[in-house]
Number of protein chains: 2
Amino acid sequence: MSGEPGDDREQLDYLSFVDYAVARTARELPDIDALAMRFVLTLHRATSALVYDLESSVHRPRGLTWPGFRLLFVLWLAGPAEAKRVAELTGMSRAAVSALVKTLEREGLVCRRQVAHDRRSVQLALTEVGRVAIADAFAAHNAREQDWVGVLSESEVVTLIGLLGKLMAGSARIAARRRS
Amino acid sequence: MSGEPGDDREQLDYLSFVDYAVARTARELPDIDALAMRFVLTLHRATSALVYDLESSVHRPRGLTWPGFRLLFVLWLAGPAEAKRVAELTGMSRAAVSALVKTLEREGLVCRRQVAHDRRSVQLALTEVGRVAIADAFAAHNAREQDWVGVLSESEVVTLIGLLGKLMAGSARIAARRRS
DNA sequence: CTCCACTAGTCAAAGCTTTGACTAATCCCT
DNA sequence: AGGGATTAGTCAAAGCTTTGACTAGTGGAG
């Protein structure tokens, strides 16, 4: 596995790299599980492409980042919540939420309050500006999601969701590491 | 959509948030495409969980980051290549590759050379240390990938790969934004 | 040959993430 | 009530990413 020339390496791009990588690995490292490799490469590339498109076409033009959108979205749906809970629901670490909220608070989208029953915790909530921003962003976000999903049939999407759910459910069985 | 209490918000966590969000949105914003919403939420969460597990259980313990692993992987398979090409194959921007290579070069995993025919471009290649590092990391990476994929049947994985491929292929049709 | 457009790469500022340390408040056991 | 263990949140250092600007080098049109 040295990358010497003389192979079929012409006109390789982001899409075809997966095929190239799997073919080459299968040839030179037969002990590797090629299907698992292809799956993870494909999943990662598809998700990256989707997230990049949503962030750059929907959120950045509105002054939001992808993590900012996700945090506002959780507050919008779940209501005012303590930082710890927001971290759990968004899948971010507590430190990441803390840093992100600092930005969102400065922009006037979120506010922090002391909680009565436990002076350690901080309650996070949308401001009125934040509520309007997330409602607008989510509408555009969902429209763009529809464009993406539109290339699949409804039953294909249902199948995909089901299999991804099974994958997630299985992560507990293999003791996958999760954010603290 | 205000997050007032009195709903079914108890014992909500990272996994069940998708169900909660979709149910609530379907109830209060009937114009939203709930299936597209569920799909994107599920895809993003599944991928994040997988990447977090691979990075924290396989790569960080070896002193690699996830982007570092990806860049080494491309150089390993595609052979020495100009920075622009590495950016295309990894899906990173040229600026991101430039910054990442600075770290990898400092750690002695990658080296930079001038190219003869065009004095603007820089050729990137693995060092011997880099070659050993990526070979070791990829073996462990693939073993972990197998654990994840092991919860699905082979035909389920093939289905998943096919549908994700169709999704990616469709992104051209909707003029999805891609990294420059 | 000259000039202008384009290309490769780097840099800088700002943002998000991670780990690990640290503070402050709460809990619980004796 | 006292004291140790937990827990919530923040901070700091280091790394990666983005956008946009900037430097060099290349190449084609006149």
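Does the stretch B:39-56 include one or more residues that are under 20 Å from the mean Cα position of the chain (by Cα) and open to solvent by 40 Å² or more (accessible area, probe 1.4 Å)? Taking every residue of the stretch B:39-56 in turn, at least one turns out to be under 20 Å from the mean Cα position of the chain (by Cα) and open to solvent by 40 Å² or more (accessible area, probe 1.4 Å). Within the option set A:Ser155, A:Ser121, A:Ser56, being more than 21 Å from B:Glu28 (Cβ to Cβ) and away from DNA strand D (no atom under 13 Å from the Cβ) holds for one residue only, A:Ser155. Confirm whether A:Gly63 is under 24 Å from B:Ser93 (Cβ atoms) and more than 10 Å from DNA strand D (Cβ to nearest atom). Taking the combined requirement at face value, the residue satisfies it. There is no residue in the stretch B:135-148 that is modelled with pLDDT under 95 and more than 7 Å from every other protein chain (Cβ to nearest Cβ). I'd like to know if the stretch B:89-98 contains one or more residues that are away from DNA strand D (no atom under 15 Å from the Cβ), open to solvent by less than 50 Å² (accessible area, probe 1.4 Å) and free of Cβ contacts under 8 Å to residues at least 60 places away in the same chain. No, that holds for no residue. From A:Asp19, A:Asp53, grab the single residue that is assigned to a helix (DSSP H, G or I), of a type in the set (Asp, Glu) and within 8 Å of chain B (Cβ to nearest Cβ). Checking each option against the conditions leaves just A:Asp53. Go through the residues of the stretch B:35-42 one by one and say whether even a single one is assigned to a helix (DSSP H, G or I), near DNA strand C (Cβ under 9 Å from one of its atoms), facing chain A (nearest Cβ under 10 Å) and of a type outside the set (Gly, Ala, Ser). Checked the stretch B:35-42: no residue is assigned to a helix (DSSP H, G or I), near DNA strand C (Cβ under 9 Å from one of its atoms), facing chain A (nearest Cβ under 10 Å) and of a type outside the set (Gly, Ala, Ser).
The residues of the stretch A:75-120 that are farther than 19 Å from A:Arg178 by Cα, in contact with a strand residue (DSSP E or B) (Cβ under 9 Å, 6 or more places away or on another chain), more than 12 Å from DNA strand C (Cβ to nearest atom) and not in a loop (DSSP other than H, G, I, E, B), listed by number, are A:Leu75, A:Trp76, A:Ala81, A:Glu82, A:Cys111, A:Arg112, A:Arg113. Among the residues of the stretch B:145-159, the ones that are open to solvent by 40 Å² or more (accessible area, probe 1.4 Å) and assigned to a helix (DSSP H, G or I) come to 7 in all. Exactly one residue out of B:Val129, B:Val122, B:Val110, B:Val157 is more than 24 Å from the chain's Cα centre (by Cα), outside the structural domain of B:Ser56 (by TED's automatic domain parsing) and without any contact (Cβ under 8 Å) to a residue 40 or more places away in the chain, and it is B:Val129.
For residues that are away from chain B (no Cβ under 14 Å) and crowded, with 17+ Cβ neighbours inside 10 Å, scanning just the stretch A:99-118, find the one that is farthest from DNA strand D (Cβ to nearest atom). Filtering first and then ranking leaves A:Leu109.
The values are calculated or read from the model by the stated rules, or taken from the named source; none is laboratory data. Note that the structure is a prediction, hence the values are computed from the model and not measured. Here the Cβ is made from the backbone with ideal geometry for all residues, glycine too, and neighbour counts use every protein chain on show. Keep in mind that these areas ignore ligands, DNA and RNA; they rest on the heavy atoms of the full protein, side chains included. Shrake-Rupley method; radii C 1.70, N 1.55, O 1.52, S 1.80 Å.
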